[in-house]
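The values are calculated or read from the model by the stated rules, or taken from the named source; none is laboratory data. All of these numbers come straight from a predicted model, not from anything done at the bench. Glycine gets a Cβ as well: all are built from the backbone with ideal geometry, and neighbour counts include every protein chain shown. Remember, those area values only see protein heavy atoms, side chains included, never the ligands or the DNA or RNA. Shrake-Rupley method; radii C 1.70, N 1.55, O 1.52, S 1.80 Å.
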Amino acid sequence: MKKIDSLFFELMQVSVGQLDCLGRGPEPDEWQTLYEISKQQHVEGISYQGVMKLFEFGLRAPQDISLDWMAEAETIREANEMAVKPSVLASCYDEELLNLRQRADNEVKAVSQFKIQYVYQQYLRHQLDMRLLLDYYHVLRQTNGKNETLKGGGFMGSLGIRRFARGVMWMLQETMSLDKQHMPFEPLEIEGRFLLSDVMQEASTLERVGHVLITYPLGIKDLRA
């Protein structure tokens, strides 16, 4: 994991209220990278909330970067205000963060549909990013994972996503500092580290394809059906 990744995860934790401040002040070029990662991960609005919170600790991004970041956040806020339908995740987010959340092209229809199966399918489609992880983080905090289960075979057993589910828990613990009381599955670091490198676009295409084929072959088969 890169040092800048750790700084980005700290910024996300500041944004959602899990951390008060960063462990250190970013260098000017690191602020630029944090901004670029935020856009890449579709969380530039949410992360700007963290940028604003850091002002009181004397941590400020260079003015040009801060202005660009603010403009992106305001564009997202305006789009949300003009949206015809409220987000189905409204009950999971506080109002300020919800207004800064960038909506996905294909949103879930109900919170009850936002389960590990949905996260798994998005991963297989190469559409798992920090925005989706942040959504799942908020859903788990609200529900304590009561809608999730790994019992028996069924859907989860047939797709072999037990390992994936545990890897996601480790990712949420690492990136959002999700408390174990909200986790329906035991974290698995070895799987979580690979998944996180994939989410952060640091795993090569060959590594990703090989990992999916070896670890989730039944999932690929079902996704193509």
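Just a few scattered comments:
- For Gly45, the criteria (1) modelled with pLDDT of 95 or more; (2) surrounded by fewer than 18 Cβ atoms within 10 Å (Cβ to Cβ) hold in every case but one, which is (2).
Residue by residue, here is whether (1) at pLDDT 90 or above; (2) part of a helix (DSSP H, G or I); (3) over 23 Å from Arg125 (Cβ atoms); (4) among the small types (Gly, Ala, Ser) holds:
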| position | (1), (2), (3), (4) |
| --- | --- |
| Leu140 | yes, yes, no, no |
| Asn147 | no, no, no, no |
| Lys151 | no, no, yes, no |
| Arg193 | yes, yes, no, no |
| Ala203 | no, no, no, yes |
| Ile220 | no, yes, no, no |
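Per-residue answers, yes or no, for (1) closer than 17 Å to Asp129 by Cβ; (2) open to solvent by 70 Å² or more (accessible area, probe 1.4 Å); (3) under 21 Å from the mean Cα position of the chain (by Cα); (4) not basic (Lys, Arg):
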{"residue": "Ser38", "(1), (2), (3), (4)": "yes, no, yes, yes"}
{"residue": "Glu72", "(1), (2), (3), (4)": "yes, no, yes, yes"}
{"residue": "Thr75", "(1), (2), (3), (4)": "no, yes, yes, yes"}
{"residue": "Val84", "(1), (2), (3), (4)": "no, yes, no, yes"}
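- Residues that are more than 12 Å from the chain's Cα centre (by Cα) and in a loop (DSSP other than H, G, I, E, B), drawn from region 103-130: Arg103, Ala104, Asp105, Asn106, Glu107, Val108, Lys109, Ala110, Phe114, Lys115, Arg125, His126
- Checked against the criterion of being within 25 Å of Val43 (Cα to Cα), at pLDDT 90 or above and touching a helix residue (DSSP H, G or I) at 6+ places or on another chain (Cβ under 6 Å), the candidates Phe185, Phe164 yield just one match: Phe164.
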